[in-house]
Amino acid sequence: MTRQQMLALVLGLATVNGMFSPYLDFVVALSPLWMPTWMPESPGALFYASSLLTATTTLLLSGVPAALAENAAPRLRGTQTAMGIWAASAFVLTLPGLVRLFYVAVG
């Protein structure tokens, strides 16, 4: 896979986790703490903002192991190995969301 395909995989995993993560309920419950007052209080806007926040958090947290690996071994900087670490981390963070997705899809 090319670096662009790996990045698309990471972004796709983060998007899936943003929509189906079991932690999304927690983010919605804490919305009075992080949601600005000028945003509409409709359920659609709340779900969209919560999903976006969860996906962005997944994207950022999954990049930490890749950044640590690149810092520990400078030869990994900008390689497909670093992108693979990022994708694997995103997959691990997305596993609860994938389980919830398949649970909803099956029954």
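Using a cut-off of 15 Å between beta-carbons, work out the net charge of the residues near ALA49 (Lys and Arg +1, Asp and Glu -1, ALA49 not included). Mind showing how you got there, number by number?
Details: positive: none; negative: ASP25, GLU41.
That sum, taken over residues with Cβ under 15 Å, equals -2.
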- Note on the structure: Calculated from DSSP helices alone, with each H run of at least 4 adding -39500 (n - 2.57) and the total divided by the residues of the chain, [θ]222 nm to the nearest 500 comes to -26500 deg cm²/dmol
- Specify the angular offset, from 0 to 90 degrees and rounded to the nearest 10, of the alpha carbon long axis of helix 80-106 from the longest principal axis of the alpha carbons in the chain. 30
- Residue among THR56, THR81, THR37 with the largest mean-square fluctuation in a Gaussian network model of the chain, springs linking Cα atoms under 10 Å: THR37
- Task: Place a label point 7 angstrom from the Cα of LEU52 along the Cα-to-Cβ direction, then list the residues of the range 12-35 whose backbone nitrogen is under 18 Å away.
- Result: 12, 14-21, 24-25, 27-35
- Message: Angle check, please: helix 43-72 long axis (alpha carbons) against the longest principal axis of the chain (alpha carbons), in degrees 0 to 90, nearest 10.
- Response: 20
- Item | Rounded Å value of the spacing that divides the Cα centres of the range 73-107 and the range 1-62 | 15
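Tell me, what is the FRET efficiency for GLU41 and LEU11 to the nearest 0.05, using R0 = 41 angstrom and their Cβ-Cβ distance as r? Let's see the in-between values first.
On the way: r = 29 Å, r/R0 = 0.70.
Once rounded, the FRET efficiency stands at 0.90.
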- Query: Taking the chain as a Gaussian network, where each spring joins two C-alpha atoms under 10 Å apart, which residue of ALA66, ALA88, ALA29 fluctuates the most?
  - Reply: ALA29
- Query: Relative to the longest principal Cα axis of the chain, at what angle does helix 3-20 sit, 0 to 90 degrees, rounded to 10?
  - Reply: 30
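Every read-out reported here was derived from the displayed coordinates using simple, explicitly stated rules and does not represent laboratory data. Every value quoted in this text rests on a predicted model; they were computed, and no experiment measured them. Methodologically, a virtual Cβ is constructed for each residue, glycine included, from the backbone with ideal geometry; neighbour enumeration extends over all protein chains shown.
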